[in-house]
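K.L.:
My questions will all concern the structure given below.
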Amino acid sequence: MTADAFDVIVIGSGAGGGTAAWALAERGIAVLLLEAGPPYDPFSDYRLDQPDWETQHFPAKVPTKGRQTTARMQRLNAKWDDLRSWNRVRGRYNPGDHRADWGYSHVVGLGGSTLHFTGEAHRMHPRAMQMHSRFGVAADWPVDYAALEPFYLEVERLIGVAGPTDDPIRPRSAPFPLPAHPLSYGSQKIAVGCQKLGLSFTANARAALSQPYDGRPACNYCGNCTRGCPRTDKGSVDVTFIPKAVATGNCTIRTEATVLHIETGPDDRVSGVVYIDATGATHMAKGDAVVVACGAVETPRLLLNSANPHTSDGLGNESGQVGRHFMETLSWTSSGLHDEPLGSHRGLPSDGICWDFNAPDAIPDIVGGCRFSAAVHEADLTGPVKYATRVVQGWGRQHKQAMREKFGRALSVGAIGESLPNPKSFIDLDPKEKDGQGQPKARIHSHLDDEELKRLSFMAKTSRAILKASGAGDIFEEYGAYDGFQPTHVFGTCRMGTNPEESVVDPYGRSHRWRNLFITDASVFPSSGGGESPSLTIEALAIRSARHLADRAKRGAL
């Protein structure tokens with residue numbers, strides 16, 4: 001086994017790991033960044049220039065299906081049949097009587113899941129950070145909005161966020177670095193619908209360049225961010241934080257490096273990691289500190305797989321909280337046909353958003369907020385193949401004529417809501433299934449209780465109302481989290497807090513016991529927020545944690 005030494009080892013290269021690696025490297029810290037997946041070349045790996053672009057999704061070099069397992073999903077109840085996923089052409093997407101496992105949506109590669117994210121760049125609602133003290137649910141954040149605001153601003157400037165001039169909910173000390181993107185013609189129709197209902201609809205904050213910025217071109221509005229951006233205008237970690245980290249000369253990157261476990265040493269300190277490379281060779285890397293940023297599913301798995309005689313229940317699991325409080329994506333999408341030819345396949349995904357119900361007490365008689373946004377592109381209604389298979393019925397000449405009439409007329413409204421922790425939702429190790437290295441896989445337990453489903457029902461009814469008011473009352477498809485597990489945002493499994501008995505890490509992401517072990521991904525979130533995309537908050541927290549780590553290292557206080 002080979003061995004080498006660095007100041008800090010960072011595991012995972014997504015929003016948390018890639019950002020932390022840059023923040024450490026620019027402070028003069030020698031960083032080893034380990035990524036289980038390969039690098040992606042935006043100019044050659046993405047297929048939007050190919051004839052079959054529409055039938056291809058993100059070109060995953062490492063298949064994600066089967067990387068985790070899921071426990072038996074809950075039985076569906078006829079009480080909530082209005083929340084079943086369906087399509088006019090295909091029927092019910094889940095004809096069974098149990099919630100279906102459609103897979104945890106993520107990417108294994110340099111840049112992590114930012115490679116295929118839509119690029120929304122949201123700050124947390126300040127009141128969503130005190131869910132326990134205000135409403136008796138989830139847990140309070142041990143850091144408030146004011147403490148995060150300068151880090152939010154720094155991230156927005158680094159990646160080039162385009163956003164509106166006014167945000168009364170989330171106070172800003174400076175404007176967005178780039179002007180907001182204009183609403184597409186389809187989204188303008190949704191704005192009119194919202195106005196009819198007395199709702200607001202504003203330009204969304206987007207990590208997609210509205211003007212050339214930092215050597216990257218402006219967005220061309222192809223609408224396919226989730227398939228990988230071949231122009232580098234989307235602010236994914238691989239084209240923002242990673243190159244900046246490498247440019248410092250202090251960051252070494254090793255891809256296709258799968259960490260098996262974290263080693264512990266004396267004095268309640270971790271000493272390094274053991275990983276294997278693409279050839280199967282095993283390596284040891286020593287570090288003065290270790291940062292874990294594998295996401296809210298794989299981070300608890302790594303910690304639990306790192307159990308040893310010094311920490312028999314898993315690394316950092318002295319409180320028994322590792323893997324607990326799993327929060328997922330509570331989502332809904334309704335799609336309908338408009339009478340007018342909108343060309344709705346054009347434009348930027350999620351270019352417009354309604355925040356009116358985002359506050360945790362904004363929905364009557366329900367705790368936890370939600371948001372509504374334009375979602376044609378997220379619904380993957382960007383080309384004729386999807387219209388032919390999901391929108392237009394029939395065959396032959398009649399089908400061809402209907403395609404000509406209806407293509408570009410779809411409107412979709414998507415909603416994402418608060419996900420609150422419950423005892424039935426958690427991550428543990430599968431007792432039977434193991435990966436290729438003989439390590440137990442992460443097993444996902446997911447449960448939506450009635451309070452979650454009440455919130456989801458509100459999201460569905462409001463999405464339908466917005467569509468109708470927008471002139472697209474002929475709904476042809478709806479799908480959501482009730483009968484299908486397919487989260488894109490996951491949170492909470494290594495909660496941060498001030499009480500070591502109720503949390504895994506402190507307000508800076510440092511383990512309560514292991515003095516030089518840090519976590520910088522969404523697993524530290526005490527609550528999910530009312531529909532905010534988490535990447536900006538992950539990155540802000542990662543910079544804050546990394547700077548704290550660097551300061552401690554320079555004082556010899558790790």
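Every read-out reported here was derived from the displayed coordinates using simple, explicitly stated rules and does not represent laboratory data. Nothing here was measured: the structure is a model prediction, and the numbers come from that model. No Cβ is skipped: glycine too gets one built from the backbone with ideal geometry, and neighbour counts run over all protein chains shown.
K.L.:
Calculate the dipole size of the range 85-139 relative to its Cα centre from +1 charges on Lys and Arg beta carbons and -1 charges on Asp and Glu beta carbons; express the result in debye to the nearest 20.
P.N.:
On the way: 7 positive and 3 negative charges, 49 e Å.
Computed charge dipole of the range 85-139: roughly 240 debye.
K.L.:
At 20 °C and 1.002 mPa s, grab the translational diffusion coefficient of the range 436-483 from Stokes-Einstein with a Kirkwood Rh over Cα pairs, rounded to a whole number in µm² per second.
P.N.:
Reported coefficient: 156 µm²/s.
K.L.:
Under a cut-off of 16 Å between alpha-carbon atoms, report the aspartates and glutamates in cross-link reach of LYS189, not counting same-chain residues fewer than 8 places apart.
P.N.:
The reachable aspartates and glutamates, counting only those whose Cα sits under 16 Å from LYS189, are ASP339, GLU340, ASP351, ASP474.
K.L.:
On the first, second and third principal axes, largest extent first, how far apart are the outermost C-alpha atoms of the range 91-145 in Å?
P.N.:
42, 36, 18
K.L.:
Along each of the three principal axes of the Cα atoms of the range 292-376, give the extent in whole Å, ordering the values from largest to smallest.
P.N.:
Between the extreme Cα coordinates on each principal axis of the range 292-376 lie 67, 34, 17 Å.
K.L.:
Right, here's the next one. Explain nothing, just compute: Karplus ³J(HN,Hα) = 6.51 cos²θ - 1.76 cosθ + 1.60, θ = phi - 60°, for every residue of the range 161-178 in order, whole Hz, x for Gly and Pro.
P.N.:
Working through the residues one at a time gives 8, 9, x, x, 6, 10, 9, x, 7, 10, x, 10, 8, 7, x, 4, x, 10 Hz.
K.L.:
Still on this structure, please answer the following. Three principal axis extents, largest first, for the C-alpha atoms of the range 99-252, in Å?
P.N.:
46, 44, 42
K.L.:
Give me a comma-separated list of calculated 3J(HN,Hα) values for the range 206-211, in order, Karplus coefficients 6.51, -1.76, 1.60 applied at θ = phi - 60°, integers in Hz, x for any Gly or Pro.
P.N.:
Karplus-based 3J(HN,Hα) across the range 206-211 equals 10, 7, 9, 6, 8, 9 Hz.
K.L.:
Past 23 Å, Cα to Cα, is the threshold; run LYS286/LYS554; LYS400/LYS461; LYS286/LYS434; LYS386/LYS454; LYS406/LYS468; LYS79/LYS454 against it and keep the listed order.
P.N.:
LYS400/LYS461; LYS286/LYS434; LYS386/LYS454
K.L.:
Could you let me know the centre-to-centre spacing of the range 342-370 and the range 102-147, using Cα atoms, in angstrom?
P.N.:
That distance is 16 Å.
K.L.:
Tell me, Kirkwood radius of the chain from alpha-carbon pair distances, in Å?
P.N.:
23.7 Å
K.L.:
How many Å³ per residue does the convex hull of the Cα positions in the range 21-137 occupy? Show your work: numbers first, answer last.
P.N.:
Details: hull volume 28.5 nm³, N = 117.
Enclosed volume per residue, from the Cα hull, is 243 Å³.
K.L.:
Then there's this: If you count, for each residue, the other Cβ atoms within 10 Å and average over each peptide, how do 520-526, 30-36, 169-175, 6-12 line up from highest to lowest?
P.N.:
In descending order of packing, they fall as 520-526, 6-12, 30-36, 169-175.
K.L.:
If you don't mind, another one. For a protection proxy built on the mean count of beta-carbon atoms within 10 angstrom, sort 40-47, 463-470 highest first, please.
P.N.:
On the way: 40-47: 15.9, 463-470: 22.0.
Ranking the peptides 40-47, 463-470 by packing returns 463-470, 40-47.
K.L.:
Report, in degrees rounded to the nearest 10, the 0 to 90 angle that the Cα long axis of helix 295-305 makes with the longest principal axis of the chain.
P.N.:
The answer is roughly 30 degrees.
K.L.:
Here's a follow-up. Largest first and in whole Å, what are the equivalent-ellipsoid semi-axes of the range 350-462 based on the Cα gyration tensor, each being the root of 5 times an eigenvalue?
P.N.:
On the way: eigenvalues 250, 136, 29 Å².
Sorted largest first and rounded, they come to 35, 26, 12 Å.
K.L.:
Just report the Cα centroid separation between the range 413-456 and the range 155-198, whole Å.
P.N.:
About 32 Å separates the Cα centre of the range 413-456 from the one of the range 155-198.
K.L.:
If Lys and Arg each add +1 and Asp and Glu each add -1, what is the summed charge of the other residues whose beta carbon sits under 9 Å from the beta carbon of SER373?
P.N.:
It works out to a net charge of -2.
K.L.:
Further, regarding this structure: Evaluate the Kirkwood expression for the hydrodynamic radius of the range 452-558, namely the inverse of the mean inverse distance over all pairs of different C-alpha atoms, and round to one decimal in Å.
P.N.:
16.7 Å
K.L.:
Moving on to the next point. Which whole-percent values make up P(r) of the range 24-70 when all C-alpha to C-alpha distances are grouped in 10 Å steps starting at zero?
P.N.:
With a bin width of 10 Å, the distribution comes to 19, 32, 27, 19, 4.
K.L.:
How do 331-338, 153-160 rank on mean C-beta neighbours within 10 Å, highest first? The partial results should precede the final answer.
P.N.:
On the way: 331-338: 24.5, 153-160: 21.9.
Averaged packing, sorted descending, gives the order 331-338, 153-160.
K.L.:
Treating the beta-carbon of each Lys and Arg as +1 and of each Asp and Glu as -1, no other charges, what is the dipole magnitude of the chain about its Cα centre, to the nearest 20 debye? Display every interim value, and only then the final one.
P.N.:
Values: 60 positive and 63 negative charges, 215 e Å.
Magnitude of the dipole: close to 1040 debye.
K.L.:
Compute from the Cα atoms of the range 180-296 the Rg and the Dmax, the latter being the longest Cα-Cα distance, and quote both in angstrom.
P.N.:
21.9, 65
K.L.:
Quick one: helix 396-406 against the long Cα principal axis of the chain, what's the angle to the nearest 10°, folded into 0 to 90?
P.N.:
In the chain, helix 396-406 runs at an angle near 80 degrees to the longest axis.
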